[in-house]
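Participant: Just passing along the structure, written as C-alpha cells.
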Amino acid sequence: MTPAVRAVLFDLDGTLIDSAPDLAGAGNDMRAARGLPMLPLAHFRPMVGSGARGMLGRALQVQPDHPDFEALRDEFLQRYEARMTRETQVFAAMRPVLAALRDAGRPWGIVTNKATRFSAPLVRALGLLDEAATLICGDTTPHSKPHPAPLLEAARRLGVEPAACVYVGDDLRDVQAGRAAGMLTVAAAWGYLGEGEAIEAWDAHHVVESPGELLKLLALP
C-alpha cells in the first residue's frame, strides 16, 4: 500500500458482500404472495444498489409515485429482514483483500446507505463486525451518500484524515461521496453498477475489474 493511504473504506452491498440473492428473493417472495411467477436473479441484480425502490421496480413495476409504494416498501423490507442472511455472502475474492489489510496493519471500515436495522445484524452474521474498524450506516449521519457526511464520519472515527483514505464502491453515489469527502475513489466493476452511466463515466480515480486488481492498486501482497 502506498504510504499516503492509511485506511480503506468499502461500500457494503455489491462491493464487500453479494446480497443480491436475498434482496431478489424478497422481491420474488412478494411476487409469490400475489400468485406471480418467479423472476431470475439476473433480472434484479443490476438494481440491487437502489435498495427497496429498485427491487420493487423490478418485482412489481412499482415506482415511488405509486399510491401504494410506502406500504409495499414496508412489506419488502419486512420480507428482506426475515431472510437477509439466508444466501448473502462476502465476495470470496474480497477475503484476501481484507486479510492483506489486516496483515499490513491498515484499518478498514464499511460505509453503506443500508439502514442500521439491516446492516449491523448482517455484518455481524457474516463475521465482519469484529474485523471492521468502523461501520457507518445510512442512518448514522443526517445525510446519506452521495453526501460526504458518512465518509467524513468514518474517517473521524478512524482518526485518519480523509485525504489518507480510499473509498471503494460499486455505485456512482459512492464515487460522488468519496470525491466530495476528498478521498481517493475506486469504482468496483464486479458490483451491481445499476443501469445509468457506464462505470468509466463516474469520474472515479480508478476503476478495478476485480478484488485482485484492488490488491495491486493498494500495493498489498
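The values are calculated or read from the model by the stated rules, or taken from the named source; none is laboratory data. Keep in mind that what you see is a predicted model, and the values were worked out from it rather than measured. Please note: Cβ atoms are built from the backbone with ideal geometry, for glycine as well, and neighbour counts cover all protein chains shown. Keep in mind that these areas ignore ligands, DNA and RNA; they rest on the heavy atoms of the full protein, side chains included. Shrake-Rupley method; radii C 1.70, N 1.55, O 1.52, S 1.80 Å.
Rundown of residues vs (1) open to solvent by 20 Å² or more (accessible area, probe 1.4 Å); (2) more than 21 Å from A188 (Cα to Cα); (3) in contact with a Phe, Trp or Tyr (Cβ under 8 Å, 6 or more places away or on another chain), yes/no style:
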{"residue": "S19", "(1), (2), (3)": "no, no, no"}
{"residue": "G27", "(1), (2), (3)": "no, yes, yes"}
{"residue": "R45", "(1), (2), (3)": "yes, no, yes"}
{"residue": "G51", "(1), (2), (3)": "yes, no, no"}
{"residue": "Q63", "(1), (2), (3)": "yes, yes, yes"}
{"residue": "E70", "(1), (2), (3)": "yes, yes, no"}
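Participant: Applying the selection to the stretch 152-174, what residues are aliphatic (A, V, I, L, M) and crowded, with 24+ Cβ neighbours inside 10 Å?
Facilitator: Residues satisfying the conditions are A154, A155, V166, V168.
Participant: Scan the stretch 100-132 residue by residue and report those that are open to solvent by 30 Å² or more (accessible area, probe 1.4 Å) and in a helix (DSSP H, G or I).
Facilitator: Scanning the stretch 100-132 gives R102, D103, T116, R117, P121, R124, A125.
Participant: Taking A42 as meeting all but one of (1) touching a residue at least 24 places away in the same chain (Cβ under 8 Å); (2) over 17 Å from A82 (Cβ atoms); (3) of a type outside the set (D, E); (4) part of a helix (DSSP H, G or I), write down the number of the exception.
Facilitator: Single failed check for A42: (1).
Participant: Also, I was wondering about something else. Of all residues in the stretch 86-99 being within 16 Å of S19 (Cβ to Cβ) and of a type in the set (G, A, S), which is most open to solvent (accessible area, probe 1.4 Å)?
Facilitator: Per the stated criteria, the residue is A92.
Participant: Moving to a separate point now. T185: among the β-branched types (V, I, T), open to solvent by less than 60 Å² (accessible area, probe 1.4 Å), at pLDDT 95 or above and closer than 29 Å to R83 by Cβ, yes or no?
Facilitator: no
Participant: In the stretch 59-75, how many residues are without any contact (Cβ under 8 Å) to a residue 40 or more places away in the chain and assigned to a helix (DSSP H, G or I)?
Facilitator: Selection size over the stretch 59-75: 7.
Participant: Right, another one. Evaluate the stretch 134-148: report whether one residue or more is in contact with a helix residue (DSSP H, G or I) (Cβ under 9 Å, 6 or more places away or on another chain) and part of a helix (DSSP H, G or I).
Facilitator: no
Participant: Keeping to the stretch 115-133, report how many residues are free of Cβ contacts under 8 Å to residues at least 60 places away in the same chain and either of a type outside the set (K, R) or within 19 Å of R73 (Cα to Cα) (or both).
Facilitator: Qualifying residue count for the region: 12.
Participant: Also: P21 fails exactly one of the following numbered conditions: (1) over 29 Å from P148 (Cβ atoms); (2) out of contact with any Asp or Glu (no Cβ under 6 Å at 6 or more places or on another chain). What is the number of that condition?
Facilitator: Condition (2) is where P21 drops out.
Participant: Now a separate question. I'm told V97 meets every condition in (1) part of a helix (DSSP H, G or I); (2) at pLDDT below 95; (3) over 15 Å from the mean Cα position of the chain (by Cα) except one. Can you identify the failing condition by its number?
Facilitator: (2)
Participant: For A4, work out the one condition from (1) within 30 Å of A164 (Cα to Cα); (2) open to solvent by 30 Å² or more (accessible area, probe 1.4 Å); (3) part of a helix (DSSP H, G or I); (4) among the aliphatic types (A, V, I, L, M) it doesn't fulfil.
Facilitator: Only one criterion in (1) within 30 Å of A164 (Cα to Cα); (2) open to solvent by 30 Å² or more (accessible area, probe 1.4 Å); (3) part of a helix (DSSP H, G or I); (4) among the aliphatic types (A, V, I, L, M) is unmet by A4, namely (3).
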